[in-house]
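Undergrad: Before I ask anything, let me first share the structure, which is written out below as structure tokens.
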Amino acid sequence: MFLITSWIYSSVQVVNRYFNLYFRDLGLTYVLIGVLSSGVGVAVLIGEFVSGYLADNYDRKKLASVTMAINGVGYFLFVFAFDIWSIAIAWLMFAISSFTGKGGTAYIMEQIDRRHGGVAMSLFTLGTVFGLVPLFALGVLLNIGHTFVAVMRIMFFVSGVAYIVCAAIRIVWLDPTSGQKRPDCSKNIVRDFLRENVRGLRTLVKVFPVFIAVLSLDALSDTLYGFSSLYYVNETLSFGIADINLMMLLTLTISIPLTLLLGRFFDKHGGRRLTTVVYSVMPVAIGLLILAQSVPYVAPSEWITIADSIYPGLSVIFSLAFIATAVKSINDVLWFSVINTYTEVIAAPGFGQDAQPYYCRGPAVRHSRAHSSRRDLRAVPGGSSSIHGTASQRHYSDSIGQKEH
């Protein structure tokens, strides 16, 4: 049941890609949208630290259910948003959900064998592919004459209903798996929270400095791209909302086999080569998007005409804008799957021979000492038994998770 609700969660998330265009059509300026986006980003960052601590010490089933419910309320509020204040309140609900979001991650970590983490992560990431349904519905509503704002309000309402239903399913059908208090847990919750996060962050930076640097640069570039790309495609390259929607729909279709293939590849060969290949695609996608202003299409005009005769707007498959958008979007899905698997493998309890039991790990990052972490990281691709530690540790260590925002 958790997998089904996770798929629904991921499939609805594709609607969020239209946030910037939706806010623009409601009358917000680019500056206001940027300010709101930055404010929500700061709140989410704080929420990530808090949710990790809560997931380690409180009932993960309840946290996962609350996350779905809060997001559902946020979608309902977006249905009635009309100015900057109502938009800010609705968007703030999504930021608030990040304060409990790690509960879903921790819940999954207890359920899945880490030796098959790559495939497991791909299966959870596969939920994004079910975004074909809302994208198709959005395209149909646009084609029959509804305005973009009206269509988005319908999508938000349906999304809100789906999330509330999923929250109820999690409450009723999921088995509770409460986080256990650490033996050294302080009675002062605030002090314990700060101490554990500082200790975890300090150790993570010490053990994996390059990893942190790469993720930081990726987050910065991805934020800048996410804010401006649809504006650029819509306004500079002159593609309509229906064309952009078709691009996203086709892109998700292509990502289905690639996501599963990459997950299996990670399990067999490890993440280093795969991470390098996937990440190197990003500059190519950006370059193609810039070039698209000078070279709109890469096919003869006859092919473009034939494509449009088959389905109105299908000629976008021959545009550089589509190729660039598809490469970047597919890369994002694969990158998320690879990095999340990578992170959960190295952070999973039992990673390293001196690893402590699950409940003794830090709230956001679980790790062993630097020398054993590096040794075990090299052992991941080959499935060495050193990953799993002793038999008494396997109860804690054979798990893998996926991040829920």
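Undergrad: Going by what's in this entry, would Ala64 be described as in a helix (DSSP H, G or I), within 20 Å of Ile189 (Cβ to Cβ), modelled with pLDDT under 90 and in contact with a helix residue (DSSP H, G or I) (Cβ under 7 Å, 6 or more places away or on another chain)?
TA: So Ala64 does not fit the description; no.
Undergrad: Aromatic (Phe, Trp, Tyr), farther than 24 Å from Glu110 by Cβ and touching a residue at least 24 places away in the same chain (Cβ under 8 Å): does that describe Tyr30?
TA: Yes: the conditions hold for Tyr30.
Undergrad: Suppose we filter the range 305-358 for residues that are outside any helix (DSSP H, G or I) and either of a type in the set (D, E, K, R) or modelled with pLDDT of 70 or more (or both); how many remain?
TA: 5
Undergrad: Can you name the residue in the range 38-61 that is surrounded by 17 or more Cβ atoms within 10 Å (Cβ to Cβ) and of a type in the set (S, T, N, Q) and, of all such residues, is modelled with the lowest pLDDT?
TA: Restricting to residues being surrounded by 17 or more Cβ atoms within 10 Å (Cβ to Cβ) and of a type in the set (S, T, N, Q), the top hit is Asn57.
The values are calculated or read from the model by the stated rules, or taken from the named source; none is laboratory data. Every value quoted in this text rests on a predicted model; they were computed, and no experiment measured them. Positions of Cβ are backbone-derived with ideal geometry, glycine not excepted, and every protein chain shown enters the neighbour counts.
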